[in-house]
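These notes concern the structure reproduced below.
Values quoted throughout were computed directly from the atomic coordinates according to the rules given, and no laboratory measurement underlies them. Keep in mind the model is a prediction, meaning the values are calculated, not measured. Because the Cβ atoms are built from the backbone with ideal geometry, glycine has one as well, and the counts that use them run over all protein chains shown.
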Amino acid sequence: MLKIAPSNGDNIETVQGGLPIWGATNTRRPTVSSASDNIEYYDEDLGFFARTLTGWGSIVLDGIMALGDFSIFAYQTFVWMLTRLPKKGTLITNFHQVGVSSLAVVALTGTFIGMVLAVQSYFQFRQIGLETRLGGVINMTLVRELGPVLAATMLAGRVGSSMAAELGTMRVTEQIDALSAMGANPIHYLVVPRFLACLFMIPALTVMADFMGVAGGHFYSVNILDIDVHHYWHNSAKFVTNFDLFVGLFKSIFFGAAIAMVSCYQGFNCTAGAEGVGRASTSAFVYSFVMILFIDLFLGIALDSIYFMYYPEGASLL
Amino acid sequence: MIEELFESEQPLVEVNDLSVRFGAQTVLRNINLSIPRGQTVVLLGESGCGKTVLMKSTIGLVKPTSGSVFFDDENIHRLNDRRLSLLRLRFGFVFQNAALFDSMTIGQNVAFPLRQHGRFSTEQIREMVLSRLSEVGLPDSVIYKKPAELSGGMRKRVGLARALIMNPELIMYDEPTTGLDPIMSDVINELIIRTRRRNPVTSIVVTHDMNTAKKVADRIIMLMPAHRLNDNEPQMIFDGTVSEIESCRDRRVQQFINGEAGERLMELRASRV
């Protein structure tokens, strides 16, 4: 039912002599008034497809652009970090903010996770008469996985979102522009100290979480579930190697870097207004957490293959 | 005679064919501007016409889409970070809401540029900070306060003190009197004039306030938002002295300086921007 025939004169182009040239504007679709319902329907359908496609296209494009922007941001941070260290005063403030202030909450999380692990695994292990192996399981889980990941999660929630909110507010109130205007580089002045603080403090916090988790697990298993102390620790020592401790701490450094970069990036790209700052701090946490999970999986796979190179038979619970 | 003096020298700021676009939105279009040393230029225009963007791209805070800006024969947007931050010692920028660092005290705020670049002793810094603060009419006791504890007018004066502390060659004021009472506005105007009298600085003042414009300007430039113009119309619709702007025949200029809405509300309703 395609009918490319203009009904009113506006689709007919005339040459100077007055002779109409049909189809001179044939790239134009038939107008609504002249087109039959069929064509109109078809048109709208095409529009819908085109809209969906361009919608997807722009999502992909925006994603690639944001990734590129983020990479440049991270690159600049590295360059500035290597060219000149920030002033001692700013460094100490940030280290305190990230490390010391997070200590209590990280320790608390660690303790409870250690105890919860004991509670959750005790029943199954007792059924097969292996409750003394609990030490190995709890401590391995803590040192390798839960210690670093939970320390990083707490850090992302406590420090990451506050960084994003703080830098976001500075962006919105032109304080970041003011820094540039006074000849200070905002990345050097604001991002580098925060990045260094996260990088260096997160292994320390992970150690704290590990330690408190081990202590909590010990407390619950030995004092409450009455597992033999000697066997609890004997099995732990047999099962958990230095390599496991290293894996946890090694991963945590990457978590710290990811938290700092993501949060500072969100803060720097904050949109105006209270809503923008709120969104920056929320997405700082969400993206940091997603990054933590991704890094955890991929580093876990990579480090596991190294582990099996050194200990081909692996650790055995039995 | 003054005119001749200006002409004999190289302009301090030269903007060539500057365009700035944010996404699909054109903010500035082919702006050409040259500002000689010692001149006080007032940029007028309705909100959103790109005054602040023009000023920010002059010191390299906003990257232009095309065109170039020269400050004392150096292309601002071609410099690397280090050279640019050295060059920025010669600028002072007074932000609209002062943009004081709210994690620092007033004293630390004003001392910030000195600490960033200068090799001054703590005693010298303290002395310079106190003298700058007293110039803008603030008592010594204020240095231990946080920006949040000060009123808007006081914060603006602290911002001015901070911008002046390195004795810049070019000072930019972003809406210095917006949100202040008439007396405080006039205090700020006086400070702008006095700063200029004391040392031979070049100033760019972005404002909506006709009183400020009339009082401080050597030269007034009026911008029009790009989206309200046809493609070939220049965005700078006026460039001249205070007396010239008062006798200017352009309807848009007259409307602005007399503060008449005219048909504007209808236009705003009709436009979709």
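Only the Cβ atoms of Lys and Arg (+1) and of Asp and Glu (-1) were treated as charged; on that basis the dipole of chain B about its Cα centre amounts to roughly 920 debye.
With Cα atoms defining each centre, segment B:243-273 and segment A:49-89 are spaced 42 Å apart in the structure. Remark: segment B:72-84, residue by residue, has Karplus-estimated 3J(HN,Hα) of 6, 6, 10, 6, 4, 7, 9, 6, 7, 3, 5, 5, 5 Hz, where x stands for each Gly or Pro and the curve is 6.51 cos²θ - 1.76 cosθ + 1.60 at θ = phi - 60°. Taking amide hydrogens as modeled 1.01 Å from N in the peptide plane, which residues meet the under 5 Å criterion relative to B:S34, leaving out close sequence neighbours? Close amide H contacts, sequence-distant or interchain: B:V15. Between A:V229, B:F256, A:G217, the Cα set farthest toward the positive side of the dipole of the protein assembly as shown (charges on each charged residue's Cβ, about the Cα centre) is that of A:V229. For segment B:158-172, backbone nitrogen atoms closer than 14 Å to the point 7 Å from B:M104 Cα along Cα-to-C-beta are found at B:158-166.
Diffusion coefficient of segment A:61-212 by Stokes-Einstein, Kirkwood radius over Cα pairs, 10 °C, 1.306 mPa s: 89 µm²/s.
Note on segment B:157-211 and segment A:200-265: Cα centroid distance 58 Å, given to the nearest whole angstrom. Karplus-based coupling profile of segment A:62-69, in residue order and whole Hz: 4, x, 5, 5, 5, 5, x, 4, with θ = phi - 60° in 6.51 cos²θ - 1.76 cosθ + 1.60 and x standing for Gly or Pro. Among the trypsin sites (Lys or Arg not before Pro) within segment B:41-130, those in coil by DSSP and having at most 14 neighbouring Cβ atoms inside 10 Å are B:R119. The Rg/Rh ratio for chain B is 0.97, where Rg is the radius of gyration of the alpha carbons and Rh is the Kirkwood radius.
Summing charges over all other residues whose Cβ lies under 15 Å from the Cβ of A:V98, with Lys and Arg as +1 and Asp and Glu as -1, gives +1.
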